[in-house]
Amino acid sequence: MHTIVAISGGVGSPSSSTKLADRILGAVRDQLQLTGVPAQVEVIELRPLAHDLVDMTLTGIASEALGEVFDTVQQAHGVVVVTPVYNAAPLGLLSLFWQLFPDAGLRGIPVLLAATGGTARHSLALDGQLRPLITYLKGLALPTTVFAATDDWGSPEAVSGLGSRIAVAAEELARLVAAQPAETRDVFDDLDPEGVTPFDQLLGG
């Protein structure tokens, strides 16, 4: 069974970021079903983990709940990241999550970037700030992003085009997810001695 996990940085209840995550996951699952690939989807909201993230910042130790989330994301065949954008930057809570995430923990995982905000002017935060962070963690950030402005939620599809943007990005993610074996992915450990290149080899010895 292929698994796709969405990380929502929304802090509201209900959250427009979580709503967008649900729509994207539904579109990805529909695309996979068309090709006969069963998929399990899950949305993880960061709001309940806010204190855990701050505690890890201060102590360097992940709580059990936060550690389980890290493992779940690393074992996924695909990841969707949805963040609110304030003052032209991703919400700090979501940025903190990825700053504390294990190094190279997204190695080889396709990642769809999405965001919500007041106006489309904030959409540049996805490529300017979130994409480099995902790339640093070795994630495969998809070329197509999805941004939903406030007006997109109340406008017909012919005006907003939100559904079309979701469909294009979902098809990209579904194609990369389906290309992977269905077995559960191993959690990548950047400090595993078996995966570390000896220093003499790095020096060409």
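Match the structure shown to one of the listed values [x] 23, 21, 16; [y] 38, 20, 14; [z] 29, 21, 16 of semi-axes √(5λ) of the Cα gyration tensor in Å, computed from it, and give that label.
Of the labelled values, this structure produces [z].
Fewest first, what order do Asp152, Asp71 take by the number of other Cβ atoms within 10 Å?
Numbers: Asp152 20, Asp71 13.
Final ranking by Cβ density, sparse to dense: Asp71, Asp152.
List every residue whose amide H lies under 5 Å from the amide H of Val146, counting only residues 5 or more places away in sequence or on a different chain, with H placed 1.01 Å from N in the peptide plane.
Distant-sequence amide H within range of Val146: Leu113, Ala114, Ala115.
Based on DSSP, what percent of beta bridges with both residues in the chain are antiparallel, to the nearest 5?
Details: 2 of 26 bridges.
Here the antiparallel bridges make up roughly 10 percent for the chain.
Since every read-out is calculated from the coordinates, none of them should be taken as a lab result. Since the structure is predicted, the reported quantities are computational estimates derived from the model, not experimental observations. For neighbour counting, all protein chains shown are included, and Cβ atoms are generated from backbone atoms with ideal geometry for every residue, glycine included.
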